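Structure, as structure tokens:
Since every read-out is calculated from the coordinates, none of them should be taken as a lab result. For clarity, every value in this text was computed on a predicted model and none was experimentally measured. Note that each Cβ is placed from the backbone with ideal geometry, even for glycine, and that neighbours are counted across all protein chains shown.
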């Protein structure tokens, strides 16, 4: 979902934090802990939803929506503010992919294991380069049209239970927060999560590239009018990802991805954040060619060259 996690430039983080920003964050923490204590005293034990307090990095659509799902005791980190060391709980990262280096720089290393990444795309190479190992992740299959509007769950006719999924030590806390906001979310083990992460990556790469070949086409138009093109590309990318990762995807992937496209038919198409999305498949192409092997993604490569992306 290319647009779900596209945040405004106000969510960019900077390593240098002004003294006043540190004071503001400490003030927020004290207020949050006070609010949490008050709520614990005044809220009946029959309260329907209990959401663990969290630090939320990024004040765009997703960050604000996650804050709205909380109990009012979260800490929202925006530009110029560092992630506090003394606020327990998950750190929900809702920035652009290209801002992730800045997020790490602004987060005490002792808290890196509490980071939960909501970004689209292939993050594994970046995780490995930073020593993050099995970092917590969320596949967010929900849409937020604009800042302040409630999210729309990406439930489909093939997956009416919802597709959003979380993985990692904070997965259950994330799921509880999303459930409190009326959204679906399942908690998965690493292997199953990786398959679904790759499936969503294939959706983004296939539908955005086919749409870019037909200016003005939304993902709904791609699914309806250019089904044969996107079907061929899905099949190719699925085979390449399965071979690279040594996994077997669940059957009927095309049906699931097309059903999701119908659920978010209004989304515009464009090839964005190449490094994190289509760039991963193109790296498989470059590796194969360097080894004297056939291109595992010839259609993908041809269309990237047609659009002068590579």
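Max-minus-min Cα coordinates of the stretch 192-306 on each principal axis give 40, 33, 24 Å, with the largest extent listed first.
Residue separation of residue 86 and residue 101 scaled by 0.36 nm, minus their Cα-Cα distance, works out to 3.2 nm of gained length. What the Cβ-Cβ distance of residue 149 and residue 291 gives, at R0 = 45 Å and to the nearest 0.05, is a FRET efficiency of 0.40. How much of the DSSP beta bridge set in the stretch 117-266 is antiparallel, as a percent to the nearest 5? DSSP beta bridges in the stretch 117-266 are roughly 60 percent antiparallel.
Take the Cα of residue 129, step 7 Å toward its Cβ, do the same at residue 161, and the gap between the two points is 3.7 nm.
Each peptide in 251-258, 219-226, 89-96 was scored by the mean count of other Cβ atoms within 10 Å over its residues; highest first, the order is 89-96, 219-226, 251-258. The residue 243 and residue 172 beta-carbon pair, evaluated with R₀ = 30 Å, returns a calculated FRET efficiency of approximately 0.35. Residues 299, 188, 233, ranked from the fewest to the most other C-beta atoms within 10 Å, line up as 299, 188, 233.
Segment residue 308..residue 235, full-extension length gain: 24.0 nm, with 0.36 nm per residue of separation and the alpha-carbon distance subtracted. Given Cα pairs under 8 Å that are at least 6 residues apart, what percent is the relative contact order of the stretch 192-306? Computed value for the stretch 192-306: 34 percent relative contact order.
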